[in-house]
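Just so it is clear, none of the values below were taken in a lab; they were calculated from the coordinates. Just so it is clear, the structure is predicted and the values come from calculations on it, not from any experiment. With ideal geometry, Cβ positions are generated from the backbone for all residues, glycine too; neighbour counts draw on all protein chains shown.
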Ligand SMILES: *Cc1c(COP(=O)(O)O)cnc(C)c1O
């Protein structure tokens, strides 16, 4: 209670939104001065053709790889785009909006009591500001001081097999990562400098200590635990599963399978820690997270994306994704020497996948060269090779637009036949 009062005072004092709300009648003021969004067909100049990428000479690709940030993540839901446009029509206090959005998201996800959410600029930002909040609490001196950790805890424990490029966002706070492997290593590693225990969800199978056990041990040692579950929806239940399991904080991408704004993510967890994370984040100045601005549009867009995601028929979607793969599979396996099989990765991009392999004595091109040839074809198609430890070309279909599975099937058949010996 004491904490939340302090937090609210600090975030609200000096923020214009609250003042505007009390001094004016915003609806009346704004309705006369604000323009409605322009329908796409009325655009003149840049964008008039309807394809901004073509206008810039940038190649668009058919995405058979999945929710890759480097390819643009996912295609935002149209209703999210519409709500973001509505969000751009007014000024608000961003901290006030963040708190209200967190409350709404916690209700939508039916998070256990005492938990809330923060819309961040992505899962990577959620990792950095979540840890920053654990380190600083609500101490303004500490917040301004990061990444200088003088006076704060300075170590984060991680299983060796869980190290990955995204732990840069943890190291950016100034902490040192302490790598462990066994439960015994963990017991020895915990000390008064330990700030957090980090878990990389996609590495669950690789580490000795599994996801539920990690949360349990963090309670035993009284150290907050964090889970990076950025790409780990579907299933949709993962949005609350880890909080229920006992994770103090969890990070998700908004711009992957949830199909929210590309520059959005979620930090979900304990109210006090989420509040400290916001204090370390934009729009607050002199903070580590000021560079991770999240706009009012992304915040409202993220709520809309979650609303849509939660109400979708996930089983029907799964069937449609499988159907698209079957279109490709049945076409390519008609080429002599080609076989195809289905698989679903346990975690991350947990959707139907297809692996296409062929007898090298009958088709001379390597999967690597086939992947490059598709990338350089017109239209350009992205199908990776060697993913998930597999030898062949792989693909999934959940980021395809209607009919693209037929284009992929046609191009693949053409390429494989052209290389038949
Ligand atoms: C994509 C991803 C991130 C980063 O998420 P953003 O939303 O792009 O910031 C972090 N961790 C993992 C495991 C990811 O797959």
Assuming R0 = 41 Å, can you tell me the calculated FRET efficiency for the pair residue 79 and residue 421, based on Cβ-Cβ distance, to the nearest 0.05?
0.20
Which whole-number percent gives the relative contact order of the chain, counting Cα pairs below 8 Å spaced six or more residues apart?
20 percent
For the pair residue 71/residue 179, report the inter-label distance in nm, with labels modelled 7 Å from Cα in the Cβ direction.
3.1 nm
Space enclosed by the convex hull of the alpha-carbon atoms of the stretch 314-418, per residue, Å³
92 Å³
Highest-MSF residue in the chain out of 135, 111, 317 [GNM, Cα springs under 10 Å]
317
222 nm mean residue ellipticity, helices alone, for the chain (DSSP H n ≥ 4; -39,500 (n - 2.57); rounded to 500)
-12500 deg cm²/dmol
Relative to the longest principal Cα axis of the chain, at what angle does helix 296-311 sit, 0 to 90 degrees, rounded to 10?
60 degrees
Relative contact order for the stretch 189-308 using alpha-carbon pairs under 8 Å, separation at least 6, rounded to a whole percent?
18 percent
Stretched out fully, how many nm does the piece from residue 286 to residue 168 gain, at 0.36 nm a residue minus the Cα gap?
40.4 nm
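Calculate, for residue 406 and residue 161, the FRET efficiency according to 1/(1 + (r/R0)^6) with r their C-beta to C-beta distance and R0 51 Å; round to the nearest 0.05. Kindly include the intermediate steps, with their values, before the conclusion.
Details: r = 40 Å, r/R0 = 0.79.
Working from the Cβ atoms, E equals 0.80.
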Mean-square fluctuation check for the chain, GNM, Cα pairs under 10 Å: which of 243, 333, 194 is largest?
333
I'd like the FRET efficiency for residue 322 and residue 89, computed as 1/(1 + (r/R0)^6) with the beta carbon distance as r and R0 of 45 Å, rounded to 0.05.
0.65
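Looking at the stretch 92-311, send over the antiparallel percent of its DSSP beta bridges, to the nearest 5.
On the way: 11 of 28 bridges.
Roughly 40 percent of the DSSP beta bridges within the stretch 92-311 come out antiparallel.
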Relative to the first principal axis of the alpha-carbon coordinates of the chain, what is the inclination of helix 2-12, with its axis defined by its Cα atoms, in degrees from 0 to 90 and to the nearest 10?
70 degrees
Quick calc: nm separation of the 7 Å Cα→Cβ label points for residue 144 and residue 372 -> 5.5 nm
Relative contact order of the stretch 314-418, defined on C-alpha pairs under 8 angstrom at six or more residues apart (%):
30 percent
Å³ per residue of the Cα convex hull, for the chain?
160 Å³
GNM of the chain, Cα pairs under 10 angstrom: of 407, 62, 268, the biggest fluctuation goes to 407
